[in-house]
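Enquirer: This is the structure I want to talk about, given as structure tokens.
Rule-based calculations on the coordinates, nothing more; no lab input. Just so we're clear, the structure is a prediction, and the values are computed from it rather than from any experiment. In this analysis, Cβ positions are derived from the backbone assuming ideal geometry, glycine residues included, and neighbour counts consider all displayed protein chains.
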Amino acid sequence: MSEKIIISPSILSADFANLERDVKLVEENGADWIHVDVMDGHFVPNITIGVPVVKSLRKITKLPLDVHLMIENPGNYVEPFVKAGADILTFHYEAVEEKEILGLISKIKTSGIKAGISVKPKTKPDVLLPYLDIADMILIMTVEPGFGGQEFIEDCAEKIKFIRQNAPNNLIIQVDGGINAQTGKICKDFGANSLVAGSYIYRTNDVKIAIDSLK
Ligand code: DX5
Ligand code: ZN
């Protein structure tokens with residue numbers, strides 16, 4: 001049997017006026033985590049949601065909250081997101097000075113939650129080498145961060161292979177952007193074990209079939 005794949009539906013494609021309904025919908029249909037896309041209008045050209053929404057989500061789901069910070073100065077927001085109930089906090093490599101990365105990872109981990117580092121499509125995977133032993137997760141973006149519903153960039157998926165070859169066995173490799181059954185398979189074949197999907201899961205008639213098709 002193949003390794004367990006962690007499916008993390010992105011609520012960016014949910015109906016924000018019915019967030020509880022849409023979180024429960026994926027929870028009841030096989031989601032493992034809930035992916036929360038936090039954008040600040042600076043690191044990416046879009047603004048979404050933040051700490052108060054994570055706090056409210058914490059009350060309505062037992063699933064781990066997988067918070068993807070697409071923001072500048074992520075270090076300033078570790079404590080508020082931890083307090084709000086995040087279980088995994090992923091920041092962008094490009095948003096932090098190199099000399100601060102190790103400190104930020106350990107700040108997140110000593111708060112008792114998992115730490116992830118993400119790279120944008122144009123960032124080379126070898127910049128992550130110093131962190132593979134200490135981070136819990138690497139998030140490979142397969143679209144430019146900022147919006148749901150974009151097309152998967154296959155070249156980015158090659159990075160998964162490099163990370164998997166150089167990583168300890170327990171490192172989670174997550175992929176985000178343009179994931180569906182077909183592109184998800186490409187990522188799994190390269191060694192990813194967590195898939196984020198927004199539009200593929202929320203813009204379907206059958207959420208269970210969509211989630212199952214990613215596993
Ligand atoms: C994009 C976000 C993604 C987004 C993915 O910047 O990080 O999580 O919701 O959406 P899809 O699955 O539609 O590409
Ligand atoms: Zn995301």
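Enquirer: Leaving out same-chain residues fewer than 8 places away, which lysines sit with a Cα under 28 Å from that of LYS120?
Expert: LYS4, LYS55, LYS83, LYS99, LYS107, LYS109, LYS159, LYS161, LYS185, LYS188, LYS215
Enquirer: Based on the Cβ-Cβ distance from LEU19 to LYS109, what FRET efficiency comes out when R0 is 30 Å, to the nearest 0.05?
Expert: 0.60
Enquirer: Any chance you could get the radius of gyration and Dmax over the Cα atoms of segment 123-210, in Å?
Expert: Final numbers for Rg and Dmax: 13.2, 43 Å.
Enquirer: Does anything in segment 99-121 have its amide N under 19 Å from the 7 Å Cα→Cβ label point of LYS83, and if so which residues?
Expert: 107-114
Enquirer: Rounded if a/c is under 1.5, else prolate if a/b is larger than b/c, else oblate: which is segment 18-78, with a ≥ b ≥ c the root eigenvalues of its Cα gyration tensor?
Expert: Verdict is prolate for segment 18-78.
Enquirer: I would also like to ask the following. Would you mind getting me the FRET efficiency between ASN73 and LYS185? Use the beta-carbon distance for r and R0 = 30 Å, nearest 0.05.
Expert: 0.25
Enquirer: Please give the direction-averaged projected area of the C-alpha convex hull for the chain, in square nanometres with one decimal.
Expert: 10.7 nm²
Enquirer: Please give the FRET efficiency for GLU28 paired with GLN165, using the beta carbon to beta carbon distance and R0 = 45 Å, rounded to the nearest 0.05.
Expert: Values: r = 37 Å, r/R0 = 0.82.
Taking R0 as 45 Å, the efficiency between GLU28 and GLN165 is 0.75.
Enquirer: Ranked highest first by the average count of other Cβ atoms within 10 Å around their residues, in what order do 5-18, 174-187 fall?
Expert: Taking the mean over residues of other Cβ atoms within 10 Å, the ranking is 174-187, 5-18.
Enquirer: Moving on to the next point. Just to be sure I understand the model, the point goes 7 Å from the Cα along the line to the Cβ. What's the resulting ASP206 to GLU97 distance in nm?
Expert: That separation, rounded to one decimal, is 5.4 nm.
Enquirer: Now, a different point. Give me the percent relative contact order of segment 6-214, please, defined on Cα pairs under 8 angstrom at least 6 residues apart.
Expert: Numbers: 417 pairs, mean separation 41.8, N = 209.
Relative contact order comes out at 20 percent.
Enquirer: How large is the dipole of the chain about the Cα centre if only Lys and Arg carry +1 and Asp and Glu carry -1, each at its Cβ, rounded to the nearest 20 debye?
Expert: Dipole size: approximately 480 debye.
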